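Beneath this line is the structure, given in structure tokens, with notes to follow.
The values are calculated or read from the model by the stated rules, or taken from the named source; none is laboratory data. What you see is a predicted model, and the numbers here were worked out from it, not measured in a lab. Here the Cβ positions follow ideal geometry from the backbone for every residue, glycine too, while neighbour counts run over all protein chains shown.
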Amino acid sequence: MAPTTPKTPKKTSPAKRVLSTTASSPASPISRVRKAQRDAPDLGREMVFVLLGSGPKDLRETKVFHRNLLMSVSGFFATGLTSSFKEAETGVFEMEEEDPSIFTIFEQWVYKDRLFIRKTASSSSSFSDVEDDDQEWECLPRLYTLGKRLDAPRFKDAVISAIIEKVGESKVMPDTWASYVYQNTVSACALRRLIVDFHVFAHQGRLLKRGACPDAEEPEFEFLQDALARMADVGQQVFAAAVGEMPWADACAYHEHGEGACHLADDDDAVSSTCLPRTPKTPLRRSTRISSTFGLYDTT
Ligand SMILES: [Zn+2]
């Protein structure tokens, strides 16, 4: 059967538009699906190839991105593609040091604006659940440092929100990230501030003594300096803050958009909720659980 020729819809008359707007405006939901045409991405037709890992080029895992899109989210790629380096001409980046499994999460975020890291809990094996959970914890700081290397502020903001979401959901906070984060970042950054605040506000500094947690075993000097400076800054406020008043109750305090609108806030509720103050339903638990690479403490 031949397809029906689509008919041009009739233009809505001004009278109908007025009626429609008046009738629905009091209870109109915020538009989530329709976006302004001026905000539409200009994807273009040029593509960029990112080769991951080492070995023969044709065997390396390769990610393909729209050039314009990639430049819009990453200062690293934007600079590389507009410089005098060969990458600007070839559109090919060889990134031997990057872990394909971590980079894949960045790739998915570029196109879907979400971090696909949460595994569905297995109904049959609790051991498997713990392993899956550990994998997610281990992935989060690696994603953040990837975001630093790629100079991708929106991606880093998403990772910060994911960490805060995970902490709120699990009532567990990482306590062995200090060495990794301080060794893989070169200056003050949101994740440094966040892990310092975990120690200062959730633990009131009690875990920063030998034997109390892995972060205190081989502490980075800068981390200890930052923690001490933060404790001096906030003083008695540490002891007065209720669980729902922890600094990370507002994820935007760690985002890089400054006073500008939060790009995570106009999406769906799952992400935007991490940018709003909230009160966990149960008090933080306190006890220590160690994962294979990055330790976690389970705040029983
Ligand atoms: Zn924000």
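Computed values, structure above
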| item | result |
| --- | --- |
| Failed item in (1) outside the structural domain of ARG149 (by TED's automatic domain parsing); (2) under 27 Å from the mean Cα position of the chain (by Cα); (3) at pLDDT 90 or above, with LYS35 passing the rest | (3) |
| Total residues in segment 164-195, condition farther than 13 Å from THR145 by Cα and of a type outside the set (Ser, Thr, Tyr) | 14 |
| All positions within segment 190-216 that are assigned to a helix (DSSP H, G or I), over 17 Å from GLY168 (Cβ atoms) and aliphatic (A, V, I, L, M) | VAL196, VAL200, ALA216 |
| Segment 152-180 residues that are under 17 Å from PHE116 (Cβ atoms), paired with ones that are polar (S, T, N, Q) and more than 16 Å from the ligand (Cβ to nearest atom) (beta carbon under 6 Å, 6 or more apart) | ALA152/SER74 |
| Residue count for segment 237-257, restricted to those that are part of a helix (DSSP H, G or I), free of Cβ contacts under 8 Å to residues at least 40 places away in the same chain and more than 16 Å from the ligand (Cβ to nearest atom) | 6 |
| Test: residue in segment 32-52 that is in a strand (DSSP E or B) and among the basic types (Lys, Arg) | no |
| Residue within segment 70-88 that is closer than 28 Å to GLU138 by Cβ, among the hydrophobic types (A, V, I, L, M, F, W, C) and in a strand (DSSP E or B) present | no |
| Qualifying residue in segment 204-212 (condition: surrounded by fewer than 17 Cβ atoms within 10 Å (Cβ to Cβ) and among the hydrophobic types (A, V, I, L, M, F, W, C)) | yes |
| Near pairs, Cβ below 6 angstrom, 6+ apart or cross-chain, from segment 219-233 (modelled with pLDDT of 90 or more) to any residue that is in a helix (DSSP H, G or I) and of a type in the set (Ser, Thr, Tyr) | GLU222/TYR182; PHE223/TYR182 |
